[in-house]
Amino acid sequence: MALENKIDEILLKLDNLTVESIAEKYPTTHPNVNPLDYYRIHISELLAPITGVAPDKILPAIYWTNALDKGDFSLPIPALRIKGAKPDALGAEWAAKFPEDDPLIEKPVAAGTFLSFFIRGGPLTQSLIPMIRSLGVEYGRNRFLGLKDPKDPSKGRKRIVVEFSSPNIAKPFHAGHLRSTIIGSFLANLYEGAGWDVVRINYLGDWGKQYGLLALAYERYGDEEALKKDPIDHLFRLYVRINAEKEEDLAAIEAKKKEGQDVTELLANSLDEQARRYFRKMTDRDEKALALWKRFRDLSIVRYKATYARLNIKFDEYSGESQVSEEAMEKVAKQMAGKKITKEDQGAVLVDFTELIPGKEGKRLGKTVIRKRDGTALYLTRDIAELLGRYEKYNFDHMIYVVASQQDLHLQQLFKIIELLGYKDIAARCQHINFGLVLGMSTRKGTVKFLDDILRDCADHMHEVMRKNEAKYAQVEDPEGTADTLGISSVMTQDMSGKRGNNYTFDLAVMTSFEGDTGPYLQYAHTRLSSIKRRANVSDEELANADLSLLTEPHAVNVVRLLAQWPDVAQNTLRTLEPTTVVTYLFRLTHVISSSYDHLQVVGSDPALKAARMALYDAARIVVGNCMRLLGLTPLER
Ligand code: ARG
C-alpha cells in the first residue's frame, strides 16, 4: 500500500504506527483514501493514555461536525462510558492534559459534555492538496468498503442490484419515474464509488392486457414510419386513441343494456374483450403476437437509451414484467400453495396476510390477489418470480428497489411473501427506497409524455433565463447544449435537495435561477473554478511544486478543511442513502469557496502565491466536480 503523501510518514512516526498496524488496530479506517481517518487515529492515540480508554474504543466515538466553527471533530464524552465521573469535569481535565504543541491538532476545547478538536491548517493544507490532485476523480471514492472481506481483496466485491426508473411502455413517464431515475442513478453511483459491483436494472412495465389493446390499435392505425421515427410518441398516441375508443365502446354497450337489449354478443366482440384475447395469445407465446410486441419494446428501448444517455445513465439490463416466465410463476405458485401461503377463493388465488400473520402487521399487509379467476397473473405475482430470478442470476448481497411511496404496501407484501416462502435471508437483502410526490408537474406544452418532454421544457426555460444576460449569453459557445445541461442540472438538483420522503413542488422559475441553492448555481461554481485555471495559466509542474505553506489565510484553511470532509460525507451518505447529504455538503463547500475569492486573488498575485492559490482552487474544482458527478450532474467547464 503506497503512502499518498508526506503527512502520512510524519503521522506514522508520531504515533509509532505502520500501515499494517493501522489496518490491524483500526480496521474500519482507510487513511490512504480518507485523510481525516489519520486525524481520528492520531487523536485516539493521544487520548488513550489521558483517558485510560483503549484507542480503538475512542476512534468510533469521534464524530464530524456540521459547522467549521464547532471544530473538525467532536467527541461526546458519555460515549466513552466512564463510570462514576461527570462528563463535563472529565472534559475539562482531558483538555488540560492534552499536549499543547501537537503538530497536527490544537489543544481541544471542552464545551459541556463535548470535546471539540480543530485541525492545524498548515500540515493539513500541505498534505491534502497534493493528495486530492493526485487522486483526481478517485478522491471521495473508497474501493475498500465494498469488499466481501476487507482483509482479503481476492475474495471479491459485494454485489448490489439497483432497480430504478422502470417506466411503462406507451404510458406517460410521470414524476414517480423521474424521481426513481434521479435517485436510483445516484444510489448506483454511490455504491460504485464505494467499490461495490453494481448491476443497474430497468424493470419496464411492458406486459398486461393493455399491450394487447395497443397491438389492436397498431393493426388499425399504426404508421410504420412514425413508429420508427419516435416509437415512444407514436405508441403513446395509439394508446390514448384506442383507450378512448374502448371506453366509448363499453359505454355504448352499457347504454344498449339499459335499453333492455341482449348485449352478450356485443360484449364478446368488444374492444376490451379483443384486447384480452390478444394478450392471451401473447401469454400463450403466439409467435406473430409476440413479434409485434417485441418490436414495440425494442424500439422503445432504443429511444429510452438515448434519453438516459443525456442523464449519464446506462442500464446493465432492461428487464421488465414481460420477461417473467409463466413457468417461473408456476413454480412459485406451487411453493406458495405447498406452504399454505395462498388460498383459493372462488377460483382466484390470494394471500391473506391477516390470517398468516397475527396482530397489527398482518392487518396492515391485508389481503392480495395473486392469480385472477381467469388465470392471469398480476403485478405482484410477476415481482415475486422476478425477485427470486434475480437472486439466482446475480446472487446479490443487496438489492434496492427505487419506487414511489405509493407502492410501499406492494413492496412490503412482496418482501413478506419471500420471507414466508422460507427465503428469510434473501428478503433481508432487499430494500425499498421510496420517495414522495412531485406536485404541480406539467410541462407548458401540456401533459407530460416522456422524460424528453420534461428535460426539453427545462432546457427551454433555462435558455430564456440565459438570454436575459445578453453580454454573457454572447460568450457562450454552444448555447443550446449549455442550456440543455443546465436544464437537466436544475431538475436533478431540485429533486435531490430535500429528503427523499418529502413531497416538493416542481417550480421551473425557482430551479432554473442562478441564485439560491440551485443546479445552475452549482454549475456556475464549477465553471468559475475552471475559468480561474484557464486564466491563471499555471503549469502542472508549477502546481505540483507550489509552496503550499503560503496558504495561511483563514479563508484558505477553511476551504481546505471542507475539502477534507468529502470522503467522510460520501461514506456517511452510504448510511443515509439520501442525496441531500451530498447536496447539502456541496452547497456549504461552494459557498465557502465563493466567499474566499475576494481574499485569495490568483491572477495578479506574485508567482509563488499565485501557484499556491491555484493549487488550492484546482483541488476545490476536483472536489466540486466529483460531488456533482456522484449526483449525476455533468460539470460544465464554461
Ligand atoms: N412500472 C411500475 C410503475 O410504473 C414501477 C415498477 C417498480 N418496480 C417493481 N419491481 N415493481 O408503477
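Worth pointing out:
- In the condition set (1) of a type outside the set (S, T, N, Q); (2) at negative phi; (3) open to solvent by 20 Å² or more (accessible area, probe 1.4 Å), Gly52 is compliant with all but (2).
- The residues on offer are Tyr218, Tyr239, and the sole one that is among the aromatic types (Phe, Trp, Tyr), in a helix (DSSP H, G or I), more than 20 Å from Tyr401 (Cα to Cα) and away from the ligand (no atom under 16 Å from the Cβ) is Tyr218.
- Residue count, the range 482-513 (criterion: of a type in the set (Ser, Thr, Tyr) and assigned to a loop (DSSP other than H, G, I, E, B)): 2
- Residue within the range 348-368 that is in contact with a His (Cβ under 9 Å, 6 or more places away or on another chain) and surrounded by 15 or more Cβ atoms within 10 Å (Cβ to Cβ) present: yes
- Unique residue being over 32 Å from the mean Cα position of the chain (by Cα), on the phi < 0 side of the Ramachandran plot, in contact (Cβ under 8 Å) with a residue 12 or more places away in the chain and crowded, with 16+ Cβ neighbours inside 10 Å when the list is Thr283, Thr307: Thr283
- Residue list for the range 55-77, restricted to those being open to solvent by 70 Å² or more (accessible area, probe 1.4 Å) and farther than 20 Å from Pro27 by Cβ: Asn66, Asp69, Lys70
- Annotation note: of Leu190, Leu204, the sole residue that is at pLDDT 95 or above, within 14 Å of the ligand (Cβ to nearest atom) and of a type outside the set (Gly, Ala, Ser) is Leu204.
- Scanning the range 91-120 for residues that are assigned to a helix (DSSP H, G or I) and open to solvent by less than 20 Å² (accessible area, probe 1.4 Å) gives Gly91, Trp94, Ala95.
- Within the range 377-388, residues that are farther than 15 Å from Ser319 by Cβ reach partners that are at pLDDT below 95 and open to solvent by 20 Å² or more (accessible area, probe 1.4 Å) with beta carbons closer than 8 Å, at six or more positions or on different chains, in the pairs Ala377/Glu326; Ala377/Arg371; Leu378/Arg371; Leu378/Lys372; Thr381/Arg371.
- All told, Ala111 falls short of being at pLDDT 95 or above and away from the ligand (no atom under 16 Å from the Cβ).
- Scanning the range 121-137 for residues being among the hydroxyl-bearing types (Ser, Thr, Tyr) and either part of a loop (DSSP other than H, G, I, E, B) or modelled with pLDDT under 95 (or both) gives a total of 2.
- The residues of the range 383-416 that are part of a helix (DSSP H, G or I) and more than 13 Å from the ligand (Cβ to nearest atom), listed by number, are Tyr391, Glu392, Lys393, Tyr394, Lys416.
- Matching residues in the range 54-92 - criterion: being hydroxyl-bearing (Ser, Thr, Tyr) and without any contact (Cβ under 8 Å) to a residue 24 or more places away in the chain: Tyr63
- A Cβ distance below 8 Å, combined with a sequence gap of six or more or placement on separate chains, defines the contacts here; from the range 533-560, residues that are modelled with pLDDT of 95 or more reach residues that are open to solvent by 20 Å² or more (accessible area, probe 1.4 Å) and of a type in the set (S, T, N, Q) in the pairs Leu548/Gln126; Ser549/Gln126; His555/Ser595.
- Counted residues, the range 120-170 - those being of a type outside the set (D, E, K, R), within 16 Å of the ligand (Cβ to nearest atom) and touching a residue at least 60 places away in the same chain (Cβ under 8 Å): 9
- All conditions in (1) part of a helix (DSSP H, G or I); (2) modelled with pLDDT under 95 hold for His591, with the sole exception of (2).
- Unmet criterion (only one of (1) part of a loop (DSSP other than H, G, I, E, B); (2) crowded, with 17+ Cβ neighbours inside 10 Å) for Lys151: (2)
The values are calculated or read from the model by the stated rules, or taken from the named source; none is laboratory data. Predicted model only: the values in this text are computed from it and were never measured. Neighbour counts run over all protein chains shown; Cβ positions are idealised from the backbone, glycine included. Protein only, heavy atoms only, side chains kept; ligands, DNA and RNA dropped before computing areas. Shrake-Rupley method; radii C 1.70, N 1.55, O 1.52, S 1.80 Å.
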